[in-house]
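In what follows, a structure is listed as structure tokens, so that the remarks can point back to it.
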Amino acid sequence: MTAMFKVVLLGDTSVGKTSILQRYAKGNFKKEQDATIGAHFMSKMVDLPQSNTQIKLQIWDTAGQEKYRSVTPIYFRDAAAAICVFDITNKQSLDNAERWIDDLRNSAPSHIIVALAGNKCDLFSNEEVSIQQGKEFALKHQVEIFQQTSAKEDTGINELFLKIASKIDKNKDVILANSKQNMNIGGGDGPEKKKKKCC
């Protein structure tokens with residue numbers, strides 16, 4: 001049986017969390033995306049050629065709106081990895097990532113793998129956060145993976161999840177041993193409950 005591991009997307013509203021998930025799990029992109037209410041998930045099998053294995057990622061998209069922030073940590077429990085997403089055209093979204101990561105580490109297992117994604121890199125002409133600034137933030141906050149992404153152009157998405165899956169595979173014994181539910185949290189795609197337009 002292929003092991004399943006939970007990955008959580010977090011970050012401010014409108015940074016592109018849903019678009020990243022849609023691009024990776026379904027291979028599509030919507031120019032206008034409704035804001036997520038609560039959370040939903042999609043699953044994806046990942047081949048790891050280096051170890052000749054395959055793992056299943058259950059990827060949760062969480063709400064970024066402030067009014068849902070108190071319930072978001074519920075989805076961090078039993079997560080093997082988390083991706084904090086910010087918008088490279090919005091410096092405030094990177095500043096706010098510090099609080100998101102703090103919330104994550106206060107609620108998630110100690111072994112969680114943390115990644116930082118600078119999304120919308122196709123809009124480089126409007127860039128407010130450089131690659132170097134993203135790397136420095138990741139280093140300062142002990143984030144293991146930093147990747148610039150564009151859900152629109154399908155840039156860096158597969159690379160991001162492959163890096164995460166590879167780290168999960170290397171640490172899977174520890175992750176599975178510490179997970180109360182053995183990371184098998186249901187199956188199939190979770191419900192999509194959304195409202196309000198965002199990018």
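The values are calculated or read from the model by the stated rules, or taken from the named source; none is laboratory data. On a predicted model such as this, the values are computed, not experimentally measured, just so you know. Glycine also receives a Cβ, built like all others from the backbone with ideal geometry; neighbour counts cover every protein chain displayed.
Could you tell me which residue of region 71-100 is farthest from the chain's Cα centre (by Cα), considering only residues that are of a type in the set (A, V, I, L, M), surrounded by 22 or more Cβ atoms within 10 Å (Cβ to Cβ) and assigned to a helix (DSSP H, G or I)?
Here is the first cut: in region 71-100, the residues of a type in the set (A, V, I, L, M) are 71, 74, 79-83, 85, 88, 94, 97.
Imposing the further condition that a residue be surrounded by 22 or more Cβ atoms within 10 Å (Cβ to Cβ) reduces the set to 79-83, 85, 88, 94, 97.
Now restrict to residues that are assigned to a helix (DSSP H, G or I): 94, 97.
Working: 94: 14, 97: 12 Å.
Applying the filter and picking the extreme gives 94.
Just name the residue that is farthest from residue 105 (Cα to Cα) out of those in region 25-42 that are under 13 Å from the mean Cα position of the chain (by Cα) and surrounded by fewer than 20 Cβ atoms within 10 Å (Cβ to Cβ).
Taking region 25-42 and keeping what is under 13 Å from the mean Cα position of the chain (by Cα), we get 25, 39-42.
Narrowing further to those that are surrounded by fewer than 20 Cβ atoms within 10 Å (Cβ to Cβ): 25, 40, 42.
Details: 25: 26, 40: 21, 42: 23 Å.
Ranking the candidates gives 25 first.
Just the residues that are in contact with a Phe, Trp or Tyr (Cβ under 7 Å, 6 or more places away or on another chain) and modelled with pLDDT of 90 or more, please, taken from region 26-55.
Passing the criteria: 41, 44, 46, 55.
With the requirement that a residue be under 14 Å from residue 179 (Cβ atoms) and not in a loop (DSSP other than H, G, I, E, B), what does region 1-19 give you?
If the condition is that a residue be under 14 Å from residue 179 (Cβ atoms) and not in a loop (DSSP other than H, G, I, E, B), then 4, 5, 6, 7, 8 are the ones that fit.
Does residue 53 fit the bill of being surrounded by fewer than 21 Cβ atoms within 10 Å (Cβ to Cβ) and under 22 Å from residue 101 (Cα atoms)? First the steps, then the outcome.
Numbers: surrounded by fewer than 21 Cβ atoms within 10 Å (Cβ to Cβ): yes; under 22 Å from residue 101 (Cα atoms): no.
Spelling it out, it is not the case that residue 53 is surrounded by fewer than 21 Cβ atoms within 10 Å (Cβ to Cβ) and under 22 Å from residue 101 (Cα atoms).
Give the residue, chosen from 138, 117, that is farther than 12 Å from residue 11 by Cβ and either surrounded by fewer than 22 Cβ atoms within 10 Å (Cβ to Cβ) or not polar (S, T, N, Q) (or both).
Selected residue: 138, the only one of 138, 117 that is farther than 12 Å from residue 11 by Cβ and either surrounded by fewer than 22 Cβ atoms within 10 Å (Cβ to Cβ) or not polar (S, T, N, Q) (or both).
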